[in-house]
Amino acid sequence: MLRKGLAIAALGLALVGGPALAAGSQKEPRTVDWSFSGPFGKFDRAQLQRGFKVYREVCAACHSMNLMSFRNLGQKGGPFYDPKYPNPNDNPYVKTIAKEYEVSDIDQETGDVVKRPATPADHFPNPYPNEAAARAGNGGALPPDFSTLSKARKGGADYVYSLMTGYGTPPAGLEVPSGQYYNPYMLGDVSAFWKGEGYAPKGGFIAMPPQLTPDKVTFDDDTKSTISQQAKDVAAFMAWASEPKLEERKAFGVGAMIYLTILAGLLYVSYRRIWRNVAH
Amino acid sequence: MSGHSNYVPKTGFERWLDARLPVARLAYDSLIDFPTPKNLNYWYTFGGILALCLGIQLATGIVLAMHYVPHVDHAFASIERIMRDVNYGWLVRYMHSNGASMFFIAVYAHMFRGLYYGSYKAPRELLWILGCVIYLLMMATAFMGYVLPWGQMSFHGAVVITNLFGALPIIGESITTWLWGGFAVDNATLNRFFSLHYLMPFMIAGVVILHVWALHVTGNNNPTGVQVQSKADTVPFHPYYTVKDGFAIAVFMLMFAAFVFFNPNALGHPDNYIPANPLVTPAHIVPEWYFLPFYAILRAVPDKLMGVLLMFGAIAVLFILPWLDTSRVKSLRYRPTTRMYFFIFVVACFILGLCGARLPDEHVIPGLKTFQLLDADLNSMVWLSRFATAYYFAYFLIVLPVMGLSETPLDQPKSISEPILSPSAALPAGAAASPEKRG
């Protein structure tokens, strides 16, 4: 009987195996052993802080993060969470970081547009005033917003890591258009630009030039600042920005699974007992 | 809800209530005392699971609607705000989005069970048809719900599906304009989809009441397909089936929870976390997994109108199924040849689901090119979906009508009790007849 129940569950799982999409033309992302993967996963606080530094010093020049506020940095599960400050708006780190940014506001006396230092309640300011400006500054391409980017790509953090470290000399025979860069992990189709032998290589063109170089960001915890390290850390940071409640969710989930397992066990025992004398 | 009632009001209040509005009697007759065949297996627990799914979707959906903003400029951010800033919003939202998938897993298991044990046959034709109505409403509700986050797949999925109606001659264009509330999928479309997405679950709940009512008039079918003949064939619903359904629900919830807590986006498409942009079309537009078989049928036909008709026909054929199956025997247990065709039918449904997720030109067996026939590449997903589509319809329109007339069924038991009252399974001497009454 139990076996049948499991078979039903397996049927459901087999059914959901379907939507695994047709393999695109891009290379499968390399897998990284993330601290936040698995049912007991948690973000590595130090890694999130390093990742935030990479974001702030490299990515934020072009990429917005519209759905995030400074206060998010200090909330439970965030890079600067401190149990002493349950309200992240009180967190001194967060306050200091926010103060270093300038945001627009309206002067309530005069109605003029003014600049003022940000508070933890403010959103991360957008590097460009509007989409047209962002495109104009990046050769027509729009740098995607970071808020949900990690979960908006197949492969998630693995993809971000692979893309950031995937730049290299394009294969001989590939004519890379000016202002574009070849990356094997980018979704796309380069066959129109392929003059070499056989099939065109996997991957696509991306308007973002390679960003990470060794020691571009100095990590405060003396972690060696390699390209791979920077990419890993910023990918972890982006995964957190996409799913800031991941730790709460997984911790809740472990409790829920234990509860449901005990409940199912008790119900099964009750079932056997109640049906004991019924031939069926 | 009908027939004989064993309810005896015990207190003065119950007697007072029973003389005015016998709700306690209704609950007692349908949930406690209801005589249920004692041989129902775990495939029969999906009815209860589905009731729970509907309840979860309603409860979480009502909370989500308190925070969601049905406007093209705010919908995407409002969903993310629910997941980031609303207390346990991530739980409510992920339960709702994964709950839709769980709902469909359960409904497909429920439907396959009905097909296998002949639960659509007389006297349960209306019960089956009401179920089909629920399924149709579920599909409409799920489709509109998927549009609400206003991500890339939401938007372009809505464009593709609403454009299907444009394939209808003469009236098609007017219908799509009417559905959209304008000349493109836009704010008016999102608004009406939200309104209908909130309305339809209550329509489902209404039809569910009729479905359960019809069930309680005819009584449950059972794996033998033989009608209940005496009290020896049945047990009261409570505690026998409350505990069995309860156990199945707990196991189902374990699977549900595994998705919600540890892999909440596994069943969705990553592109739906990109805000909708009418000017950028995703590389591959795919519907949610539960629509993939129908999507494959749609794409199996080169002509758009025929594809649309065939896709709707795939659901319409379910409505006339009670009159397509000519056999007098309900359960496929006693129809070995038809049973074989049934299992092929299940495989065909899975194949259609697989084809719906792949590109039509993609090879079924990679690297194999020997299946070229004239200009048709038989080793392609589109051809696989054509074969599977043909089988899907053949099962209903040819296999069931013909097999019912030509197949000689195996001997059926005379009653539900008969096959299980073998000497080894018979009641031990002196066993309590009603364990529910013991401590």
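The values are calculated or read from the model by the stated rules, or taken from the named source; none is laboratory data. From a predicted model like this one, the values you see are computed outputs, not experimental measurements. FYI the Cβ positions are ideal-geometry reconstructions off the backbone, even for glycines, and counts take in every protein chain you see.
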Item to check | Those residues of the range A:179-226 which are among the β-branched types (V, I, T), in a loop (DSSP other than H, G, I, E, B) and under 30 Å from A:P79 (Cα atoms), in sequence order | outcome: A:T213, A:V217, A:T218, A:T223, A:T226
Next on the checklist: Can you pull out every residue in the range A:244-260 that is facing chain B (nearest Cβ under 7 Å) and either in a helix (DSSP H, G or I) or modelled with pLDDT under 95 (or both)?
Outcome noted: A:R249, A:K250, A:F252, A:G253, A:A256, A:M257, A:L260
Checklist entry - Counting only residues that are touching a residue at least 24 places away in the same chain (Cβ under 8 Å) and not small (G, A, S), which one in the range A:191-207 is farthest from A:S25 (Cα to Cα)? => result A:E197
Item to check | Restricting the range A:98-124 to residues that are touching a residue at least 40 places away in the same chain (Cβ under 8 Å) and not charged (D, E, K, R), the residue that is surrounded by the most Cβ atoms within 10 Å (Cβ to Cβ) | outcome: A:F124
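Regarding the range B:117-124, can at least one residue be identified that is part of a helix (DSSP H, G or I) and at negative phi?
So far as the range B:117-124 goes, no, none of its residues is part of a helix (DSSP H, G or I) and at negative phi.
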Checklist entry - Which condition breaks for A:Y159 when tested against (1) part of a loop (DSSP other than H, G, I, E, B); (2) surrounded by 14 or more Cβ atoms within 10 Å (Cβ to Cβ); (3) not charged (D, E, K, R)? => result (1)
Item to check | Unmet requirement for B:L267, which otherwise passes all of (1) at the interface with chain A (Cβ under 7 Å from one of its Cβ atoms); (2) of a type outside the set (S, T, Y); (3) more than 21 Å from the chain's Cα centre (by Cα); (4) not in a helix (DSSP H, G or I) | outcome: (3)
Checklist outcome for this item: A careful count of residues in the range B:218-253 that are surrounded by fewer than 20 Cβ atoms within 10 Å (Cβ to Cβ) and assigned to a strand (DSSP E or B) gives 1
Checklist entry - Only one of B:L164, B:L199, B:L215 is without any contact (Cβ under 8 Å) to a residue 60 or more places away in the chain and not aromatic (F, W, Y); which? => result B:L199
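Looking at the structure I just gave you, is B:E80 within 11 Å of another protein chain (Cβ to nearest Cβ) and among the acidic types (D, E)?
Details: within 11 Å of another protein chain (Cβ to nearest Cβ): yes; among the acidic types (D, E): yes.
So B:E80 passes the test.
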Next on the checklist: For the range A:118-144, give me each residue that is within 14 Å of chain B (Cβ to nearest Cβ) and touching a helix residue (DSSP H, G or I) at 6+ places or on another chain (Cβ under 9 Å).
Outcome noted: A:P120, A:A121, A:H123, A:F124, A:N126, A:A141, A:L142, A:P143, A:P144
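Give me a count of the residues in the range A:146-177 that are of a type outside the set (A, V, I, L, M, F, W, C), farther than 16 Å from A:G51 by Cα and either touching a Pro at 6+ places or on another chain (Cβ under 7 Å) or facing another protein chain (nearest Cβ under 9 Å) (or both). First the steps, then the outcome.
Step one: filter the range A:146-177 for residues of a type outside the set (A, V, I, L, M, F, W, C), giving A:147-148, A:150-151, A:153-156, A:158-159, A:161-162, A:165-171, A:173, A:175, A:177.
If we keep only those that are farther than 16 Å from A:G51 by Cα too, we end up with A:151, A:153-155, A:166-171, A:173, A:175, A:177.
This time we only want the ones that are either touching a Pro at 6+ places or on another chain (Cβ under 7 Å) or facing another protein chain (nearest Cβ under 9 Å) (or both), so: A:151, A:153-155, A:166-167, A:171.
The number of residues fulfilling the criteria is 7.
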Checklist outcome for this item: Screening B:A316, B:A283 for residues that are of a type in the set (G, A, S) and not in a helix (DSSP H, G or I) leaves only B:A283
